[in-house]
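Remarks on the structure that follows.
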Amino acid sequence: MIYLDHAATTPVPKAVADAMYTVLTEQFGNPSAQYPYGQDMKKQVESWRETIAKAVGCETKNLFFSSCGTESDNWAIEAALWQNRRVGKHIITTAVEHSAILEPLKLLEQQGYTITRLVPDKTGHITVEQVADALREDTALVSIMLVNNETGCIFPVAEIAELLRERKSKALLHTDAVQGFMKVPCDPKALGVDFMSLSAHKIGGPKGIGALYIADTVRNPRPLLPGGGQESGNRSGTEATSQIAGFAKAVELRSENLSDKLAHMTDIKDYCREKLLTIPGMVAVGEGKAPHVLMVSLPGYPSANIVTDLGAKGICISAGSACHRGKLSHVVQALGLDKRTAAGVLRISFAPETTKEEIDGLYEAIAEHQKNRFPML
Ligand code: PLP
């Protein structure tokens, strides 16, 4: 198999699975239990939190575990709107956020909130000026992702934070850093965000565990899940100890020589782009600078067919975000591409382990597909 869909999810290294297995079988104590076997687990959870917080660049007291990136996104929206309930009912976001942001905002729209959805230009980028033009007195939340999961575009989150400060806006700033964590700099204090969402399964961790950074600017956040008081009372539920152990182990592994890994991914992405663009008709889409995501298109060749054909040969790429299951994604629609280019969009995404031989295999398979198919009119 040639797996080139690391923006969808990543394989779990054996050391991560082993760390989880040990917790499941030998260290299964409940961190809330009073006896040493439970209290040891509490200490472990705090040491895993420390590992992750160190990689994020924040203090442990600001990092809370959740069940996934989707939950973190929903949580950030809810917490921000609760704190700013007297500021107003206006929210700024982009038209290309993950559905974990767009869908809850649709529901809020039905409850009387006004949502401004900024549309990117053809390169996939959003500017701070767009946010400046949209900002109002009653803006309660600005939620702008750090890296787009389909184009790989990096959004100017730090500049947006600066704008909010200059305008003395009361709006809280959330960034969905699910695709940015350990790919681009994402220190939440340097970015100036109030909330930042993370997910383990994009960096070699297990699915079903995420985290939310909540800055000190958020006073007494309303608990997402009231109950037994875990996560400092912000998200109750017995800690997912084996998942947290896997998340921390994945972070630890990814942190080793991270800059070399990022440089390798950048090289692989450049190699892949150059190679694929030699295929007749292939065009680059957007100008995403994140090291792990490349968007291209074979205008006139429906991407769903290419993805299915390649899948049958054991090559995994995506026609867009895995969450859209074959439909033209909202990100592709927002880019305003002509119909034929939009229909042919392919997303290829890389890991530190991706090799040039894998890219050569992808190139040959796409070239062969394209030779054997007539483009749609
Ligand atoms: N945000 C972005 C940008 C993503 O790419 C994803 C997953 O694809 C999510 C949120 C959701 O994360 P999870 O799958 O952990 O719920």
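The values are calculated or read from the model by the stated rules, or taken from the named source; none is laboratory data. Being a predicted model, the structure only gives us computed values, none of them experimental. A quick note on method: Cβ atoms are made from the backbone with ideal geometry, for glycine too, and the neighbour counts reach across all protein chains shown. The protein model used for the area step is the full one, side chains on, heavy atoms only, and it has no ligands, DNA or RNA in it. Shrake-Rupley method; radii C 1.70, N 1.55, O 1.52, S 1.80 Å.
Given a 1.4 angstrom probe, I'd like the percentage of the accessible area of the chain that is carbon and sulfur, rounded to a whole number. Please list the in-between numbers first.
Details: 8750 of 16300 Å².
Solvent-exposed carbon and sulfur of the chain make up 54 percent of the total.
For the cross-link pairs K122/K371; K313/K371; K122/K339; K202/K289, which exceed 24 Å when the distance is taken from alpha carbon to alpha carbon?
Values: K122/K371 28 Å; K313/K371 16 Å; K122/K339 14 Å; K202/K289 17 Å.
Listed pairs above 24 Å: K122/K371.
Express the relative contact order of the range 262-316 as a whole percentage, based on alpha carbon pairs under 8 Å and six or more residues apart in sequence. Working shown, then result.
Values: 38 pairs, mean separation 15.7, N = 55.
Relative contact order of the range 262-316: 29 percent.
Given the rule -39500 (n - 2.57) for each run of at least 4 DSSP H residues, summed and divided by the residues of the chain, what is its mean residue ellipticity at 222 nm, to the nearest 500 deg cm²/dmol?
Working: 13 runs with 153 residues, N = 377.
Using -39500 (n - 2.57) per qualifying helix, the result is -12500 deg cm²/dmol.
Which FRET efficiency value, to the nearest 0.05, do you get for D309 and K289 by plugging their Cβ-Cβ distance into 1/(1 + (r/R0)^6) with R0 = 22 Å? All intermediate terms of the calculation are to be shown ahead of the outcome.
Values: r = 30 Å, r/R0 = 1.34.
With R0 = 22 Å, the Cβ-Cβ based efficiency is 0.15.
Work out the length of the dipole vector of the range 139-249 about its Cα centre, built from +1 on the beta-carbon of each Lys and Arg and -1 on the beta-carbon of each Asp and Glu, and round it to the nearest 20 debye.
140
How much net charge surrounds K122 when only the other residues with a Cβ under 12 Å from the Cβ of K122 are counted, with Lys and Arg +1 and Asp and Glu -1? Show your work: numbers first, answer last.
Working: positive: none; negative: D121, E287, D338.
Net local charge, K122 excluded: -3.
Got a sec? Charge dipole of the range 141-267, +1 on Cβ for Lys and Arg, -1 for Asp and Glu; which of L225, S199, A215 is way out at the positive end?
L225
Can you tell me the length gained on complete extension of the stretch E159 to E26, counting 0.36 nm per residue apart and subtracting the Cα distance?
43.2 nm
How much length is gained if the chain between K207 and I279 is pulled fully straight, taking 0.36 nm per residue apart and subtracting their Cα-Cα distance, in nm to one decimal? Each step should come with its number before you reach the end.
Values: separation 72, 0.36 × 72 = 25.92 nm, distance 3.52 nm.
Taking 0.36 nm per residue and subtracting the Cα distance, the gain is 22.4 nm.
What accessible area per residue, rounded to a whole number of Å², is obtained for the range 13-166 using a probe radius of 1.4 Å?
Spelled out: the 1.4 Å probe surface of the range 13-166, per residue, equals 45 Å².
Once you charge only the Cβ atoms, +1 for Lys and Arg and -1 for Asp and Glu, what is the size of the charge dipole of the chain about its Cα centre, to the nearest 20 debye?
Values: 40 positive and 43 negative charges, 142 e Å.
Roughly 680 debye for the chain.
Can you give me the relative contact order of the range 203-244 as a percent, contacts being Cα pairs under 8 Å and 6 or more apart?
Working: 34 pairs, mean separation 12.9, N = 42.
Value for the range 203-244: 31 percent.
With both partners inside the chain, how many of the DSSP beta bridges are antiparallel, as a percent to the nearest 5? Show your work: numbers first, answer last.
On the way: 18 of 36 bridges.
About 50 percent, rounded to the nearest 5.
Within the range 199-225, which residues have the backbone N less than 18 Å from the label spot 7 Å out from E78 along Cα→beta-carbon, could you tell me?
Counting only backbone N, you get 199, 208-215, 218-225.
Give me the accessible area per residue for the range 198-298, probe 1.4 Å, as a whole number in Å².
40
Taking the Cα atoms of the chain, what is the range of coordinates along each of the three principal axes, in descending order and whole Å?
Projected onto the principal axes, the Cα atoms of the chain cover 66, 53, 34 Å.
From the backbone phi of the range 142-156, what are the Karplus-calculated ³J(HN,Hα) couplings (6.51 cos²θ - 1.76 cosθ + 1.60, θ = phi - 60°) in whole Hz, Gly and Pro given as x?
Result, ordered by residue: 10, 10, 10, 5, 7, 9, 6, 6, 10, 9, x, 6, 9, 8, x Hz.
Let me check against my output: what whole-number percent is the relative contact order of the chain, with C-alpha pairs under 8 Å and at least 6 apart?
Computed value for the chain: 23 percent relative contact order.
Given the options P156, P36, P13, state which has the largest fluctuation in a GNM of the chain using a 10 Å cut-off (strictly under) for Cα springs.
P36
Of T93, V131, W82, whose Cα points farthest to the positive end of the dipole of the range 78-131 (charges on the beta-carbon: +1 Lys, Arg; -1 Asp, Glu; origin at the Cα centre)?
W82
Between Q111 and K189, how many nm apart are label points set 7 Å from Cα along the C-beta direction?
Spacing of the two 7 Å Cα→Cβ label points: 3.3 nm.
Go through the range 361-369 residue by residue and turn each phi into a ³J(HN,Hα) via Karplus (6.51, -1.76, 1.60, θ = phi - 60°); whole Hz please, and just put x for glycine and proline.
With coefficients 6.51, -1.76 and 1.60, one gets x, 5, 4, 4, 5, 5, 4, 5, 4 Hz.
Per residue of the range 35-42, in order, report the coupling 6.51 cos²θ - 1.76 cosθ + 1.60 (Karplus, θ = phi - 60°) as ³J(HN,Hα) in whole Hz, putting x for Gly and Pro.
Result, ordered by residue: 6, x, 4, x, 5, 4, 5, 4 Hz.
How large is the charge dipole for the range 78-155, taken about the Cα centre, if only the Cβ atoms of Lys, Arg (+1) and Asp, Glu (-1) carry charge, to the nearest 20 debye? Please list the in-between numbers first.
Working: 7 positive and 10 negative charges, 41 e Å.
In debye, rounded to 20, the range 78-155 gives about 200.
Once you've got the GNM for the chain with C-alpha springs shorter than 10 Å, pick whichever of T22, T114, T241 has the biggest mean-square fluctuation.
With Cα springs under 10 Å in the chain, the top fluctuation among T22, T114, T241 is at T22.
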